[in-house]
Amino acid sequence: MSVDRNGFSLFELIVIVAILVIVLAIAMPLLSKYLKQYRIDNEINTLYSNLVKQRFKSMNSGIPQGIRFDSTLKYTLFEFDDKNYNLKFDGVNEERDRESVTVSYSFNSNVVGKVIMFDSDGIARDENWGIGGLTVYVNFPANHNCVKVHISRIKLGVWNGSNCEIK
């Protein structure tokens, strides 16, 4: 008489668990890197969207809109209220309707303290109301990891170590 064996032996279960542990050990670093790239791409796209939004708000309302980079991890969207009519950004006392945005991955440090404003024609201006331009990047590979603000354009790109290559 034969015995009907259904199920797995303890040895077979241990082998399957060991294989799963090995596969997970290989996959976790790859997944972690992919998630970091995804988050950086998402944060750069959000910054790009906020810049475009500020530009179009200024063009539609006729009131200058700006973005101030508070730190490598935070920036503020605002409406420019030139209280002394000198066409110069004199600090946070000339900001209305502020909205702060915090990011998870550090932007380049040379943007800290910089301000980009858009006039009613959509032209990028600096804090002294001169023609403005700015490059913001995260130094980690991703589909998009930099934003370049030109006088009249805002573009997404990839940081190559010294320049934002527009894609």
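A few points about this structure:
- The residue pairs whose first member lies in segment 120-147 and is more than 10 Å from Trp159 (Cβ to Cβ) and among the charged types (D, E, K, R), whose second member is part of a strand (DSSP E or B) and modelled with pLDDT under 90, and whose beta carbons are closer than 9 Å, counting only pairs six or more residues apart or on different chains, are Arg125/Ile131.
- Residue in segment 100-109 that is modelled with pLDDT of 95 or more, touching a helix residue (DSSP H, G or I) at 6+ places or on another chain (Cβ under 9 Å) and surrounded by fewer than 15 Cβ atoms within 10 Å (Cβ to Cβ) present: no
- Flag if Leu10 is surrounded by fewer than 16 Cβ atoms within 10 Å (Cβ to Cβ), over 22 Å from Trp159 (Cβ atoms) and of a type in the set (A, V, I, L, M): yes
- Of all the numbered requirements in (1) over 21 Å from His150 (Cα atoms); (2) touching a residue at least 24 places away in the same chain (Cβ under 8 Å), Lys83 misses one, and that requirement is (2).
- All told, Asp97 falls short of being modelled with pLDDT of 90 or more, surrounded by fewer than 15 Cβ atoms within 10 Å (Cβ to Cβ) and closer than 18 Å to Asp126 by Cβ.
- Within segment 51-63, the set of residues being surrounded by 23 or more Cβ atoms within 10 Å (Cβ to Cβ) and either aromatic (Phe, Trp, Tyr) or at pLDDT below 95 (or both) is empty.
- Taken together, Asp97, Asp70, Asp90 contain a single residue that is assigned to a strand (DSSP E or B), free of Cβ contacts under 8 Å to residues at least 60 places away in the same chain and over 23 Å from Asn145 (Cβ atoms), which is Asp97.
- The listed residue being touching a strand residue (DSSP E or B) at 6+ places or on another chain (Cβ under 6 Å), of a type outside the set (A, V, I, L, M, F, W, C) and under 20 Å from Leu156 (Cβ atoms), out of Tyr34, Tyr48, Tyr38: Tyr48
The values are calculated or read from the model by the stated rules, or taken from the named source; none is laboratory data. The shown structure was predicted, so the numbers you read here are calculated from the model rather than taken from an experiment. Cβ: placed from backbone, ideal geometry, glycine included. Neighbour counts: every protein chain shown.
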